[in-house]
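The block underneath contains the structure these notes are about, expressed in structure tokens.
Derivation of every value follows stated rules applied to the coordinates shown; laboratory data play no part. Fair warning: this is a prediction, and the values are worked out from it, not measured in the lab.
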Amino acid sequence: MELLRLLTSSFFVVFLFINCSFPEKNCKNFKTGSFEFKSTIDGKDYVSKFIRGDSLEIEFFNGIVDTSSVRWVSDCEFILKNINPKKSKKSISMKILSTTDESYVFEYSIIGDNSNRKRGTAYLLDQNSN
């Protein structure tokens, strides 16, 4: 009886381990490259394109070019600090949550404002753009 209980418990643990999948996270594949991010603001769709190198990101959005410094704090988290134009002194925390071969899902917020976190998906256009 005890052996049956042990076998049943072992089977259940193995079953859970096999069926519980964690999101794929190959964040290093998205540290640099050209990307596209689509968003909806006040019911209108926008496309933002950006090029990210090891320490610099240049974003092209709605006819405006922004430059930010990039500081990686882990393989999947980085901080963006606006350089030009100097429209904001607040940095943005970015965290990659999951990846595919061609995109990554991320979460972002202004540092210190965790109550206003948002999510998005960035699509890889070219990994060798820098």
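Among rounded, prolate and oblate, which fits the stretch 23-126 when a ≥ b ≥ c are the square roots of the eigenvalues of its C-alpha gyration tensor, a/c under 1.5 means rounded, and a/b larger than b/c means prolate? Rounded, because the longest to shortest axis ratio a/c is under 1.5. By the rule of a C-alpha distance below 19 Å, with chain neighbours fewer than 8 residues away ignored, the lysines paired with residue 81 are 31, 49, 89, 90, 95, 118.
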